[in-house]
Amino acid sequence: MMTANRIKCALVVGMAGLMAVLAMCHVHGVNGPWYWHWTWRRLAWGIYPAMFLAAAPFAAGQYLYARRGWRAGRALMLVALTTVLLELTALAFQPPGGLGRIRVIVESPAVTSYFTAATFVKDTPANEWLQIYPDFIQRLMIHARFKPPGLILYYWALIRLFGMNHAALIGGFIIIGAAAASVFATYGLVRHFSDGDVDAALGAASFFALCPSLVLIAPQFDQVYPAMTCVLLILWSLAVKTGWLRYGIATGAWLALALFCSYIFLIFGLMMAVMAMLHAAERRWPGVIRCLVQSLIVAAVVLLVYLGLWALVGYDALATHHVIAEGEAADLVLLSRPFPYHIPFDFLDLALGTGWISFLLVLFYVVRARKELLDLFHQSPGARLAFLALLEIGVVIVSALLPGEGARLFLPLMPLLMAPIGLELSRWSPRQRMVVYVCLLVMTCVICQNMIFLYAGPEIDGVVR
């Protein structure tokens with residue numbers, strides 16, 4: 001085992017070195033396919049020592065957990081702190097310099113546009129613009145016209161509380177801090193579904209904490225979506241396992257909240273359905289009845305929440321979904337995304353967003369646990385989670401549900417990808433795990449130095465090449 005892990009560790013180092021060279025040389029294709037690619041650039045080399053200094057709490061947390069007997073929860077706090085520090089450091093090295101990029105990104109009508117949309121209705125009571133939301137969003141810019149009102153409402157509330165001069169910066173800082181919640185949530189997801197495997201959970205959360213997508217897309221709401229995904233799946237798992245009504249109600253309420261922010265969470269219907277079917281197959285008729293009852297409860301709660309919103313403030317959820325669906329369909333035509341040739345490129349973008357070496361670690365796990373992964377009714381809890389995770393990711397990519405920008409749009413799926421990574425790393429020595437984390441941090445630095453995930457325009461980020 002130790003020899004095998006040394007070979008695996010050497011392969012990770014080799015792959016990290018290869019991808020670093022390709023990215024630094026701006027090799028065509030490394031930054032994405034012809035129909036969607038991330039813009040090349042070259043930041044100052046000082047970003048490397050700065051990012052490694054920001055990762056000092058991460059190194060301390062790993063050392064104290066592995067060598068000084070710290071509990072995983074205490075180490076995880078240092079890991080999550082590192083994510084925040086890396087976000088701020090990366091932002092400080094990108095133009096316009098300092099932390100002014102936070103305001104630039106939030107206020108940009110092209111990069112986010114939620115703040116811009118909120119400024120249009122800043123003097124209007126929420127119930128008034130929510131009543132006409134289906135018509136309102138048709139006049140908005142990307143990305144606001146493809147989202148329910150939750151994200152606009154977030155900035156609307158901040159503008160009303162803090163004024164136009166401070167709302168953008170405060171809102172950006174809140175999102176940057178909230179990204180740390182995705183690290184904690186990934187830990188909770190893997191620990192819950194793996195029946196308390198703390199080493200795997202901490203390995204998964206630690207890897208995610210350093211991933212380029214989580215660190216470099218700040219300040220974007222996408223960074224909070226992984227946490228929302230984890231909570232949704234944990235609540236549904238508890239509802240199915242226990243049959244308690246409160247978990248079904250909580251799942252429905254959380255799903256309603258998530259869908260008020262983005263419809264992307266509908267993609268997890270597949271994983272939730274497979275979880276229910278496997279439970280029903282194992283428990284026979286009692287399991288079937290339990291899953292049907294919990295499904296009805298979840299659907300009823302979502303329906304009641306949106307009926308309540310319609311009665312209280314006049315928000316028409318069905319009309320909003322119809323308008324957004326039509327807009328997304330038209331936008332996909334303009335993107336000219338080639339089906340099914342998009343499939344390998346989507347996998348490539350997911351790999352890029354998780355530092356490339358992620359896929360190598362997943363491959364190691366799949367090869368090692370391949371027999372157990374395919375034996376659906378004799379899996380360990382960890383293998384069951386890995387199977388569900390890889391199935392969900394594979395189906396979403398093959399079915400072309402998320403167009404382009406995979407490194408950003410796949411963020412809600414990334415905690416699932418972390419599951420087999422954490423399960424694999426739990427069998428490695430602390431020193432070997434640290435080698436992996438250092439390689440991942442280097443990948444994040446390389447991508448930050450050489451690619452633009454949030455392009456603010458030629459006047460700030462330079463000319464597109």
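The values are calculated or read from the model by the stated rules, or taken from the named source; none is laboratory data. Bear in mind the structure is a predicted one, so any value in this text is a computation, not a measurement. Because the Cβ atoms are built from the backbone with ideal geometry, glycine has one as well, and the counts that use them run over all protein chains shown.
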Of all residues making up segment 1-46, the number that are within 26 Å of Leu425 (Cβ to Cβ), over 24 Å from the mean Cα position of the chain (by Cα) and either part of a helix (DSSP H, G or I) or of a type outside the set (A, V, I, L, M, F, W, C) (or both): 16
Which listed residue is in contact (Cβ under 8 Å) with a residue 12 or more places away in the chain, buried (at least 16 other Cβ atoms within 10 Å of the Cβ) and out of contact with any Cys (no Cβ under 9 Å at 6 or more places or on another chain), from Val435, Val442: Val442
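So that you can scan it fast, the table gives a plain yes or no per residue for (1) out of contact with any Phe, Trp or Tyr (no Cβ under 7 Å at 6 or more places or on another chain); (2) surrounded by 16 or more Cβ atoms within 10 Å (Cβ to Cβ); (3) modelled with pLDDT of 95 or more:
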position	(1), (2), (3)
Met2	yes, no, no
Ala50	no, yes, yes
Ala59	yes, yes, yes
Ala66	yes, yes, no
Leu85	yes, yes, yes
From the list Leu312, Leu270, pick out the single residue that is farther than 27 Å from Asp135 by Cα, in contact (Cβ under 8 Å) with a residue 40 or more places away in the chain, assigned to a helix (DSSP H, G or I) and not charged (D, E, K, R). Leu270
Scan segment 83-97 and give yes if some residue there is in contact with a Pro (Cβ under 7 Å, 6 or more places away or on another chain), touching a residue at least 60 places away in the same chain (Cβ under 8 Å), closer than 23 Å to Val446 by Cβ and among the polar types (S, T, N, Q), otherwise no. no
Within the group Phe208, Phe265, which residue is within 12 Å of the chain's Cα centre (by Cα), within 22 Å of Thr89 (Cα to Cα), of a type in the set (Phe, Trp, Tyr) and modelled with pLDDT of 95 or more? Phe208
Conditions (1) over 21 Å from Leu18 (Cβ atoms); (2) touching a residue at least 40 places away in the same chain (Cβ under 8 Å); number of the one not met by Glu459: (2)
Within segment 420-465, considering residues that are outside any helix (DSSP H, G or I) and of a type in the set (Ser, Thr, Tyr), the one farthest from Ala4 (Cα to Cα): Tyr455
Go through (1) more than 24 Å from Leu409 (Cα to Cα); (2) under 27 Å from the mean Cα position of the chain (by Cα); (3) aliphatic (A, V, I, L, M); (4) modelled with pLDDT of 95 or more one by one and return the number of the condition Leu278 breaks. (4)
